[in-house]
Amino acid sequence: MSEHTQLFGSCFCERNQYRVVVPTSQASAAQVFFDNGAVSRVAQATPIAAWLRVPLDWYESMTVAHFPDESHSSIKRTFQTPGHADPQRPVRRQFCGYCGTHLTAWDEARDADSVDVTLGSLFSQSLDQLRKLHLYPDWEDDSDASSAEEGGQADRNTEMEVDVAESKQPRARHLLQGDGMPYFENLVQDSRLGRIKRQTGSQSLPDGRVVQWSFVEIGSDVEVESETTHKRLRMA
């Protein structure tokens, strides 16, 4: 793998363009997280705001004028909202002055050395790069449930078919507040999205191996074909 991974993104009209240069050996310093706080929710006009937090010196940006009368200051605009750590020190949010895309948020009081980049402004290829850096989970394989049972004893004389995980899926951090999001839950209620239930677990075998499994339950008549490779283990 290259010593650096470059992530690219822009606003919708592409007047604002940016690059995040991630040193491969320091990729763990970056973080994907979700926030449903009132300020982030309203600023991005979305139920859940998705962010990529990176050290400030990894982030580079530029503006591209489409017409002669456009200036850097008219393309890249800054709006301030109350800070999380200190309301007296506001969060500086940068957005496009033409298409309105929200690009970054910088909270000096919380961490002056890092910047939050809106995940949705990254190009699709860069989102794929996040998965390769183990920062962004593969949502098709990842589970919404975090429960796991460890240390259990398996029956030595049974044979079961289980999924053996090759690697642990990364999990994005969340800053979700309150008792969930009732308004969002009502939107997906009785939809296919709202009827999907996932459960994961693991079990330690007597020989030291750990078996992990994942169940997906869809409360509808939709047939689901699993592409996951199964391995049959005989415990004797």
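The values are calculated or read from the model by the stated rules, or taken from the named source; none is laboratory data. Being a predicted model, the structure only gives us computed values, none of them experimental. Virtual Cβ from ideal backbone geometry, glycine too; neighbours counted across all protein chains shown.
Taken together, Leu56, Leu127, Leu52 contain a single residue that is of a type in the set (A, V, I, L, M, F, W, C), free of Cβ contacts under 8 Å to residues at least 24 places away in the same chain and assigned by TED's automatic domain parsing to the domain that holds Gly9, which is Leu127. If the condition is being touching a Gly at 6+ places or on another chain (Cβ under 7 Å) and polar (S, T, N, Q), then segment 106-137 contributes Ser121, Ser126. Checking the structure you have, find out if any residue of segment 7-23 is surrounded by 18 or more Cβ atoms within 10 Å (Cβ to Cβ), of a type in the set (A, V, I, L, M, F, W, C), modelled with pLDDT under 90 and under 19 Å from the mean Cα position of the chain (by Cα). No - not one qualifying residue is present in segment 7-23. Of all residues being within 22 Å of Gly83 (Cβ to Cβ) and among the polar types (S, T, N, Q) in segment 24-53, which is surrounded by the most Cβ atoms within 10 Å (Cβ to Cβ)? Just the residue, please. By that ranking, first place goes to Ser40. Just so you know, in segment 101-116 the residues that are hydrophobic (A, V, I, L, M, F, W, C) and either in contact with a helix residue (DSSP H, G or I) (Cβ under 6 Å, 6 or more places away or on another chain) or in a strand (DSSP E or B) (or both) include one that is farthest from Pro55 (Cα to Cα), and it is Leu103. Asp69 meets all of the listed conditions (1) charged (D, E, K, R); (2) assigned to a loop (DSSP other than H, G, I, E, B); (3) in contact (Cβ under 8 Å) with a residue 12 or more places away in the chain but one, namely (3).
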